Amino acid sequence: MTDLSQPWCMIPTKTDCTTQAPTVVDEQDSKPMTALTDVATEGERDETYYWDTVKILVEGCIFKVPRYQFVIGSTYFTEKLGSESNEAPITLEGATASQFRVFLKLLFP
């Protein structure tokens with residue numbers, strides 16, 4: 001369904017719970033297109049701006065955010081996340097997806 005209240009209303013889009021942002025959908029094969037589809041995978045990691053991410057599951061919605069702020073600012077998350085990267089999301093109980101989204105807006109303005 002096209003949202004006429006937004007400037008991208010003429011472009012077929014979809015919104016998912018992880019980004020809350022529209023992505024353009026290629027109508028021929030129905031795959032989302034993003035600006036990062038052809039990123040080069042060669043090269044060294046930058047020591048400052050190469051961030052690990054973490055997946056957090058809240059009310060059935062998966063958030064993928066930089067891990068660093070959670071590990072340095074919270075012993076709870078440090079223990080939950082451990083010292084290794086984990087592909088499986090950690091589950092956060094006691095908060096709604098909407099509440100967590102507001103928290104993330106404060107943490108990552």
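The values are calculated or read from the model by the stated rules, or taken from the named source; none is laboratory data. Because the structure is a prediction, the values reported are computed rather than measured. Because the Cβ atoms are built from the backbone with ideal geometry, glycine has one as well, and the counts that use them run over all protein chains shown. Calculation scope for accessible area: heavy atoms of the full protein, side chains included, ligands and nucleic acids excluded. Shrake-Rupley method; radii C 1.70, N 1.55, O 1.52, S 1.80 Å.
Please determine, by comparing only the residues of the range 87-109 that are open to solvent by less than 80 Å² (accessible area, probe 1.4 Å) and in a helix (DSSP H, G or I), which one is modelled with the lowest pLDDT.
Restricting to residues being open to solvent by less than 80 Å² (accessible area, probe 1.4 Å) and in a helix (DSSP H, G or I), the top hit is L107.
Against the criterion of being surrounded by 11 or more Cβ atoms within 10 Å (Cβ to Cβ), aliphatic (A, V, I, L, M), touching a Pro at 6+ places or on another chain (Cβ under 9 Å) and at pLDDT below 55, V25 qualifies. On the stretch given as the range 39-77, residues that are open to solvent by 100 Å² or more (accessible area, probe 1.4 Å) and in contact with a strand residue (DSSP E or B) (Cβ under 7 Å, 6 or more places away or on another chain) total 2. Residues that are of a type in the set (F, W, Y) and modelled with pLDDT of 90 or more within the range 29-71 comprise just one, F63. Restricting attention to the range 42-62, the residues being touching a Leu at 6+ places or on another chain (Cβ under 7 Å) and touching a residue at least 40 places away in the same chain (Cβ under 8 Å) number 2. Residues satisfying the criterion are present in the range 72-86 (criterion: in a helix (DSSP H, G or I), among the β-branched types (V, I, T), farther than 17 Å from L106 by Cβ and at pLDDT 85 or above).
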